[in-house]
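Participant: Before I ask anything, here is the structure I am working with.
The values are calculated or read from the model by the stated rules, or taken from the named source; none is laboratory data. Every value quoted in this text rests on a predicted model; they were computed, and no experiment measured them. Here the Cβ positions follow ideal geometry from the backbone for every residue, glycine too, while neighbour counts run over all protein chains shown.
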Amino acid sequence: MFLCFFSVDQIVLGLDFNVNVERLTPDDMDEVRSWWTKRGMLAPPDEWFSNLGLWVPHVCAVWLYATDSGKGYVDDIITNPDVPGIDRGAGLFALDTELTELASSLGIRWLVGNTQHGSMATRMELAGWRRNAEPHLIFVKEI
C-alpha cells in the first residue's frame, strides 16, 4: 500500500501555477468535499479527518495520520477534477515534499499510504515510494 504522486519530469513539463502548500482549515473543507462529489464519491464526515491536513488551494489535499510509533499514515488524498492533470501532478508533488517534512518534524520515520490506481502507484515509485510485494485489502470498521 502506498500513496502516489506525479514524477518530477511531469511537473517540469507543465507547471503553470504557483504551488503554495497550506494547512487545511475548517473553512477549506466545503471546497475539498465538493471534489469527492464531482468524482461521484461520498465525502467522509468531518470526524474522519486528522488535524494534519495539507492542501494546495483549489488543487489537491492530503491528510497525515500520526501514530505513537515511528509510523504515519497518509490517506484521503483528493484532487480537484476541474484542474488540468499536469497541475494536479505538480500540486501532489509539492504536497509530498511538505508532508515528508511535517512527518519528519513529528518524529515519523515511515509513511504508509495506499491507492487503488495502478498508474498512480507507478508515479509514486518515481517519487521514491516503495511498492509492497503483495496487494493489500483495507478494512474499515465504523464503531
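Participant: Got a sec? Which of LEU111, LEU92 is in a strand (DSSP E or B) and under 21 Å from GLU22 (Cα atoms)?
Facilitator: LEU111
Participant: How about segment 81-106: which of its residues are surrounded by 22 or more Cβ atoms within 10 Å (Cβ to Cβ) and touching a Cys at 6+ places or on another chain (Cβ under 8 Å)?
Facilitator: GLY91, LEU92, LEU95, listed by residue number.
Participant: What do you reckon, is ARG33 surrounded by 12 or more Cβ atoms within 10 Å (Cβ to Cβ), touching a strand residue (DSSP E or B) at 6+ places or on another chain (Cβ under 6 Å) and either assigned to a helix (DSSP H, G or I) or at pLDDT below 95 (or both)? Don't jump to the end; show me each part of the working.
Facilitator: Working: surrounded by 12 or more Cβ atoms within 10 Å (Cβ to Cβ): yes; touching a strand residue (DSSP E or B) at 6+ places or on another chain (Cβ under 6 Å): no; either assigned to a helix (DSSP H, G or I) or at pLDDT below 95 (or both): yes.
So ARG33 fails the test.
Participant: Among residues belonging to segment 46-87 that are in contact (Cβ under 8 Å) with a residue 60 or more places away in the chain and touching a strand residue (DSSP E or B) at 6+ places or on another chain (Cβ under 8 Å), point out the one that is farthest from SER104 (Cα to Cα).
Facilitator: Result: ILE77.
Participant: So, ASP75, is that one within 15 Å of the chain's Cα centre (by Cα), under 22 Å from THR122 (Cβ atoms), in a helix (DSSP H, G or I) and among the charged types (D, E, K, R) or not?
Facilitator: It is false that ASP75 is within 15 Å of the chain's Cα centre (by Cα), under 22 Å from THR122 (Cβ atoms), in a helix (DSSP H, G or I) and among the charged types (D, E, K, R).
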